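Visitor: Here it is, the structure in full.
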Amino acid sequence: GTILTGTGADDRGATSGYNAEPPHLYALYQFASFGEGLGKVGARLDFRFPSGSSNDVDTSGYAGSKLGFGLSIPTRWKLADLIGFDAAVGFALTLTAPESTKALWFALTPTIQATDALTFAVTATFMLKAARELFAATAFDVGLAMQVGVQFTPRIDWYLAFAFNDLNPVAGSAIDARSLWTGLNIRFGL
């Protein structure tokens, strides 16, 4: 199947209450495969447009009301017919005044392909973020998300997901930054 399991950081603001996902556009390109199709490697470029919904930085390093972009290297490995995992490393930049917010993240996503059209995935995300010197930051955010996806057509998926955006908060409790969301993936091929 071709369901995108959301490898990498998630797309919502880390605040309580309702937050719409910022307008988001990405391009994904596979540039290599290994082991007779068992492994794939690609590149992903993300653009996040200002939405005005939130100034909070989410687990992919974006602030909801600011312009941002990201670059990542996603991989997909198939361990058996129905079981595999995705892994990705990426960099995100949100353009804010007077400084930009930078984030470096790694995500690991075990997946179960129940049928050709139904997928279950759990994503663990580890992220380092800072407003000034990225590698001077001393704390990692640790996110955990669970997602179920159904592929309606080769180009359209629907998914439902739940996440803790940071299980290791500097202040407060992990329960303060939880999210429940649904969405569509629509793919346009060249």
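The values are calculated or read from the model by the stated rules, or taken from the named source; none is laboratory data. These figures come from a predicted structure and were not determined experimentally. Cβ sites come from the backbone with ideal geometry, for glycine too, and all protein chains shown count toward neighbours. Areas reflect the complete protein model, heavy atoms only, side chains present, ligands, DNA and RNA absent. Shrake-Rupley method; radii C 1.70, N 1.55, O 1.52, S 1.80 Å.
Visitor: Could you work out Rg/(2.2 N^0.38 Å) for segment 102-185, with Rg from alpha carbons only?
Guide: Segment 102-185 yields a ratio of 1.30.
Visitor: From largest accessible area down, sort GLU36, GLU99; use a 1.4 Å probe on the protein chains.
Guide: GLU36, GLU99
Visitor: Given R₀ = 35 Å, FRET efficiency for PHE140-ARG187 by Cβ-Cβ distance, to 0.05?
Guide: Values: r = 32 Å, r/R0 = 0.91.
FRET efficiency, PHE140 to ARG187: 0.65.
Visitor: While we're on this one: Under a Cβ-only charge scheme (Lys and Arg +1, Asp and Glu -1), can you give me the dipole magnitude of segment 105-190 about the Cα centre, in debye to the nearest 20?
Guide: Once rounded to the nearest 20, the dipole reads 160 debye.
Visitor: Excluding residues fewer than 8 places away in the same chain, name every one of the lysines whose C-alpha is closer than 25 Å to that of LYS40.
Guide: LYS78
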